[in-house]
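The structure appears right after this line, and notes come after that.
The values are calculated or read from the model by the stated rules, or taken from the named source; none is laboratory data. Remember, it's a predicted structure, so these values are computed and weren't measured experimentally. Don't worry about glycine lacking a Cβ; one is built from the backbone with ideal geometry, like all the others, and counts go over all protein chains shown. Note: areas computed on protein heavy atoms with side chains; ligands, DNA, RNA excluded. Shrake-Rupley method; radii C 1.70, N 1.55, O 1.52, S 1.80 Å.
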Amino acid sequence: MKHIQTILLPIMAVFLTTACVDAASITGKVVYEGAVPNLKPISMDADPICSAKHDAPVLPDVLVLGEGNSMANILVYVSGVSGDFPVPEEEIVLDQEGCRYEPHVIGIQAGQKLKILNPDGTLHNIHALPKINAEFNMAMPKFKKQIVRSFDKAESVFPIKCDVHPWMSAWVAVFDHPFFSVTQKDGVFSIDGLSAGTYEIVAWHEKLGEQKFSVTVGADETKTLDVTFKKP
Ligand SMILES: [Cu+2]
């Protein structure tokens, strides 16, 4: 019994120390301020298979607002962190269903798998346009239901487009750490597992640009950062 304790106690001590050091979080909500523009619905008439997938008008993803004008599709991340972080086993799924990319904004770790789906029964041609990573340009005919790709290096946001359907657009950022979050319609983001310190936080929107904030968190502390994007 004593022997087991000698082994277990140091292991537990290491575990507890790690848990305390890396338990800080930065969370918040992103809100849009100003007159909400009337977005023109997307015309998918060029491909009848696409238009047949929708009963209601499809609005562009450039400005997706929730209750109280909370904003979706905002990428919030910590800039300038370095370290050795494991690549998640979990794949990120990019679906092309209904000739739209879902999600519209993706944060992914370098080396993490991106599974790209085509359930549409039509041709998509997914074209990623990074500058640091290798570009890829893949035809996905209707029988090609999925492909898997990954990006080797960290890179700031770049576009993905479909060469068949010009309205299809997505954005990808590649990180060499796990400290990023993309908002859903509720505008909420959460960056967890940080150690105590002062961080530069960047909030990015495809049209309204980026905003930077400096946030200091103590070990185990959760700080709130509320972000507002204004119509220029
Ligand atoms: Cu397409």
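Descriptive notes on the structure:
- Qualifying residue in region 60-83 (condition: open to solvent by 30 Å² or more (accessible area, probe 1.4 Å), of a type in the set (Asp, Glu) and under 24 Å from Glu200 (Cβ atoms)): no
- Taking (1) surrounded by fewer than 19 Cβ atoms within 10 Å (Cβ to Cβ); (2) within 16 Å of the ligand (Cβ to nearest atom); (3) free of Cβ contacts under 8 Å to residues at least 40 places away in the same chain in turn, Glu89 satisfies each apart from (2).
- Every condition in (1) touching a residue at least 40 places away in the same chain (Cβ under 8 Å); (2) more than 16 Å from the ligand (Cβ to nearest atom) is met by Thr216 except one, and the failing one is (1).
- Once region 158-178 is narrowed to residues that are within 11 Å of Leu75 (Cβ to Cβ), of a type outside the set (Gly, Ala, Ser) and open to solvent by less than 40 Å² (accessible area, probe 1.4 Å), the residue that is farthest from the ligand (Cβ to nearest atom) is Phe175.
- Residue count, region 109-150 (criterion: open to solvent by less than 40 Å² (accessible area, probe 1.4 Å), of a type in the set (Gly, Ala, Ser) and either at pLDDT below 95 or within 15 Å of the ligand (Cβ to nearest atom) (or both)): 2
- For region 86-117, the set of residues classified as more than 22 Å from Ala56 (Cβ to Cβ), part of a loop (DSSP other than H, G, I, E, B) and not hydrophobic (A, V, I, L, M, F, W, C) consists of Pro86, Pro88, Glu89, Glu90, Glu91, Gly111, Gln112, Lys113, listed by residue number.
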